[in-house]
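Notes to accompany the following structure.
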Amino acid sequence: MRTPEPTVVKKTAVSALVGAEIVSVFGTRMTYLALPWFVLVTTGSPGKMSLVLAAEIAPMALLGIPSGMLVERLGSRNTMLIADFARAPILASIPLLHAAGMLSFGLLLGIVALLGCFMPPYFASQRTILPELVGEDERLMSQGNSLIEGGSAFAALIGPATAGMLIPFIGASNVLYVDAATYLVAFLLVLAFVPRRKRVESHARPLAGVRFLLGDKLLGPLAAVVVGFGLVMPGIAAGLPVYAFDAFDGNARIAGLFYAALGAGALVGSLLAVVAVRRVAPLRLSAFAMLAFAVPLWVLPFLPPWPVVFAALFGAMLCTPLINGPLIAVLTSRTPDGLRAMTITAVISLNTLAAPLGFLVAGQVLEHWGVVPLFTAVVAGVTWMAIAYGAIVLRNRDVDAPIADQLAA
């Protein structure tokens, strides 16, 4: 029997990763709309909605760094399989308990927090498994990350729109069953098509990833900017459903369109990123994209008609794959193999460390002053973070050569 060519195996494995991402994010993005909508409908409180969002983010911040050690011990593939298989029944318990009349608000917070525990190791595993499949070439890693971003964007495009259409017919709680099923499908894709790889032994200590970040003259300052984004961006996630609920008579379809705009922009951006990473220096590309990300968001404080909001969200999210793909590739390539999982989970933790506070503050602003002050503060913060990011990249331009130049050297 003929052994499959290594390139074919790599393409199949990467395709399976992208496929698992599409299926999983499709369900997750449905929940991204259905869960806060469910809380708004059942409690009528934006503050409680923000508490639920914060409960999901908090474990990502608190457990992100220790989870890097878990990825190192179990391996990327095994970690992904465990995370997908475990999250299916946990998520399905929400509509089951609701139907049985046993879902208190405190229990809902606990279940959502448990789901959040699996996110940091899963995301880190997705990124650390790429070098195992495509090698250490920064160009291939950038393209691989952009493909994953594209798969996520495609799912983010259709997921919220589907949820917006289903919620009026089957209810927000029942949409959660669909998300639970997608975790099982993602589990089967990785199990069947992503091959096992030999694990790299690492004896690094739990905070080794943080120490590496702090000691790197480029990654340390960038991580500080990431914390800033983690603080301000929850305002968008909290503000959009409230804006749609209040301004458009509780129309779930409008909210679904807002989230679909996020996915559509990211999908188109991911296609651009696959080409752009081959021609523009990675960090330079991400710096320009981050500045461009901030510009269209300035229409949000004026509460324009929903098509304008749709266009603004599309334009902003068009830039995110041009930021994330190159940035993650540079982070991966600058980090020693044995530290990658811990460093990436450290970045995730730093990104989400401020997010619970961001959601709590956003909830209070919404309760007392409404969406206009919230959106104004968010876009001002995003603009300052983008300027800071660009200044860091400019100061370290000597380490940011175009990929084509690196290959030629």
(message) Pull out all pairs, ordered by first then second residue, where Cβ-Cβ is under 7 Å, the residues are six or more apart or on different chains, the first lies in the range 328-354 and is outside any helix (DSSP H, G or I), and the second is among the hydroxyl-bearing types (Ser, Thr, Tyr) and modelled with pLDDT of 70 or more.
(response) 335/343
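Could you please let me know if residue 22 is surrounded by 22 or more Cβ atoms within 10 Å (Cβ to Cβ) and modelled with pLDDT of 75 or more?
For residue 22, the condition - surrounded by 22 or more Cβ atoms within 10 Å (Cβ to Cβ) and modelled with pLDDT of 75 or more - is met.
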(request) For residue 332, state whether it is among the hydroxyl-bearing types (Ser, Thr, Tyr), modelled with pLDDT under 70 and open to solvent by less than 20 Å² (accessible area, probe 1.4 Å). (result) no
(request) Would you please list the contacts, defined by Cβ atoms under 9 Å and residues six or more apart or on different chains, that run from a residue in the range 44-64 that is closer than 19 Å to residue 28 by Cα to a residue that is charged (D, E, K, R) and surrounded by fewer than 20 Cβ atoms within 10 Å (Cβ to Cβ)? (result) 50/367
(request) Identify all residues within the range 310-340 that are within 18 Å of residue 148 (Cα to Cα) and β-branched (Val, Ile, Thr); write none if there are none. (result) 320, 323, 328, 330, 332
(message) Yes or no: the range 46-59 includes at least one residue that is open to solvent by 10 Å² or more (accessible area, probe 1.4 Å), of a type in the set (S, T, N, Q) and part of a helix (DSSP H, G or I).
(response) no
(message) Against the definition (at pLDDT 75 or above and either under 17 Å from the mean Cα position of the chain (by Cα) or under 16 Å from residue 148 (Cβ atoms) (or both)), how does residue 55 come out, yes or no?
(response) yes
(message) Taking the criterion of being assigned to a helix (DSSP H, G or I), of a type in the set (Ser, Thr, Tyr), within 23 Å of residue 380 (Cα to Cα) and over 18 Å from the mean Cα position of the chain (by Cα), would at least one residue in the range 246-269 satisfy it?
(response) no
(request) Filter the range 279-293 down to residues that are open to solvent by less than 40 Å² (accessible area, probe 1.4 Å) and more than 18 Å from the chain's Cα centre (by Cα) and give me whichever is farthest from residue 376 (Cα to Cα). (result) 281
(message) Checking the structure you have, find out if any residue of the range 259-270 is farther than 20 Å from residue 388 by Cβ, among the aromatic types (Phe, Trp, Tyr) and open to solvent by 20 Å² or more (accessible area, probe 1.4 Å).
(response) no
(request) Select from the range 67-83 the residues that are in contact with a Ser or Thr (Cβ under 8 Å, 6 or more places away or on another chain) and modelled with pLDDT under 75 and list them in ascending order. (result) 67, 68, 72
(request) Confirm whether residue 252 is over 28 Å from residue 354 (Cβ atoms), crowded, with 22+ Cβ neighbours inside 10 Å and at pLDDT below 85. (result) yes
(message) Need pairs with beta-carbon distance below 7 Å; first residue farther than 23 Å from residue 346 by Cα and within the range 105-129, second open to solvent by less than 20 Å² (accessible area, probe 1.4 Å) and part of a helix (DSSP H, G or I); sequence gap 6+ or separate chains.
(response) 108/52; 108/94; 109/52; 109/55; 111/94
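The values are calculated or read from the model by the stated rules, or taken from the named source; none is laboratory data. Predicted model only: the values in this text are computed from it and were never measured. Neighbour counts run over all protein chains shown; Cβ positions are idealised from the backbone, glycine included. For the accessible areas, the whole protein counts, side chains as well, though only heavy atoms, and no ligand, DNA or RNA atoms are used. Shrake-Rupley method; radii C 1.70, N 1.55, O 1.52, S 1.80 Å.
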